[in-house]
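K.L.:
Handing you a structure now.
The values are calculated or read from the model by the stated rules, or taken from the named source; none is laboratory data. Because the structure is a prediction, the values reported are computed rather than measured. Please note: Cβ atoms are built from the backbone with ideal geometry, for glycine as well, and neighbour counts cover all protein chains shown. Please note that ligands, DNA and RNA were not included when accessible areas were found on the heavy atoms of the full protein model with its side chains. Shrake-Rupley method; radii C 1.70, N 1.55, O 1.52, S 1.80 Å.
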Amino acid sequence: GPDGWNELLWPHRWALYSYEVKINELRVWDYTFQLQYTYETNRVRLGTIAHEMFHIVGAPDLYRYENDAINPAGIWDLMASTTNIPQQMTAYMKYVYGGWIDDIPIIIKSGTYSINPLQEGENITFKIPSSETHSEFYMVEFRDKTYQYDTSLPGSGIIVYRINNY
């Protein structure tokens with residue numbers, strides 16, 4: 001079983017910085033370490049496995065290593081919180097790291113806009129530039145608690161979150 005958070009025997013993603021290991025002439029660099037069980041018969045949550053695998057495409061953790069009383073993304077993103085049935089990543093994470101969203105429409109004027117739940121793949125998110133700075137913007141998406149991978153969410157509806165693009 002795991003020997004404690006942030007220890008060797010704990011699900012994690014890392015890179016082999018200090019060793020040059022090759023398999024079929026290709027250097028091993030990024031890897032994930034996954035456990036099947038936490039202790040004896042307790043299986044590792046599927047959300048933990050999905051979280052660690054999303055690191056392989058470059059996605060960062062969205063939780064704080066220090067001062068965990070602050071949790072900006074909370075349960076709304078797999079990279080901030082894991083559940084037994086994993087929730088989705090936010091649209092922004094899917095766009096930047098997964099490459100699963102090709103384009104995000106930008107809202108620059110008042111109007112009426114329609115949005116589909118994130119899992120539908122079309123017309124699922126909008127970007128709203130900040131009027132205060134060019135390095136920040138807001139993302140808008142609709143999350144549906146009835147979707148199989150979002151059943152752990154506290155509710156359904158529109159979420160709006162700010163991205164600092166520094």
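K.L.:
With each label point set 7 Å from Cα along the Cα-Cβ vector, what nm distance links Asn116 and Ile70?
P.N.:
Placing both labels 7 Å beyond Cα along the Cβ direction yields 3.7 nm.
K.L.:
Select from Tyr95, Tyr17, Tyr149 the residue whose mean-square fluctuation is largest in a Gaussian network model of the chain (Cα-Cα springs shorter than 10 Å).
P.N.:
Highest fluctuation among the options: Tyr17.
K.L.:
Here's something else I'd like to know. Length gain on complete extension for the stretch Thr32 to Ala15, per 0.36 nm per residue less the alpha carbon to alpha carbon distance?
P.N.:
Working: separation 17, 0.36 × 17 = 6.12 nm, distance 0.86 nm.
Stretched out fully, the Thr32 to Ala15 stretch lengthens by 5.3 nm.
K.L.:
With contacts defined as alpha carbon pairs under 8 Å and 6 or more residues apart, what's the relative contact order of the range 60-121 in percent?
P.N.:
Value for the range 60-121: 18 percent.
K.L.:
Multiply the residue separation of Ile85 and Thr151 by 0.36 nm, subtract the distance between their alpha-carbon atoms, and state the gained length in nm to one decimal.
P.N.:
Working: separation 66, 0.36 × 66 = 23.76 nm, distance 0.76 nm.
Value of the extension gain: 23.0 nm.
K.L.:
Using the alpha-carbon atoms, what tilt in degrees (0 to 90, nearest 10) does helix 46-55 show relative to the longest principal axis of the chain?
P.N.:
The angle comes out at about 80 degrees.
K.L.:
In addition: So how strong a dipole does the range 14-144 carry about its Cα centre when Lys and Arg Cβ are +1 and Asp and Glu Cβ are -1, to the nearest 20 debye? Before the final figure, lay out each step's value.
P.N.:
Numbers: 9 positive and 17 negative charges, 21 e Å.
Computed about the Cα centre, the dipole is about 100 debye.
K.L.:
Follow-up question, since we're still on this one. Give me the percent of the accessible area of the chain that comes from carbon and sulfur atoms, probe 1.4 Å, all protein chains in place.
P.N.:
In the chain, the share of accessible area belonging to carbon and sulfur is 52 percent.
K.L.:
Also: Looking at the range 11-165, send over the antiparallel percent of its DSSP beta bridges, to the nearest 5. Walk me through the intermediate numbers first.
P.N.:
Working: 21 of 23 bridges.
So the antiparallel bridges amount to about 90 percent of the total.
K.L.:
Within the chain, what's the longest stretch lacking GluC sites (Glu not before Pro) that sit in DSSP loops with no more than 10 other Cβ atoms inside 10 Å? Display every interim value, and only then the final one.
P.N.:
Numbers: sites that count: Glu7, Glu20, Glu25, Glu40, Glu66, Glu122, Glu132.
That would be 67-121.
K.L.:
Ignoring ligands, DNA and RNA, how do Ile108, Ile158 rank by accessible area with a 1.4 Å probe, largest first? Please list the in-between numbers first.
P.N.:
On the way: Ile108 145, Ile158 100 Å².
The ranking, largest first, comes out as Ile108, Ile158.
K.L.:
Taking a probe of 1.4 Å, how large is the accessible area per residue of the chain, in Å²? The partial results should precede the final answer.
P.N.:
Working: 10960 Å² over 166 residues.
Accessible surface, normalised per residue, equals 66 Å².
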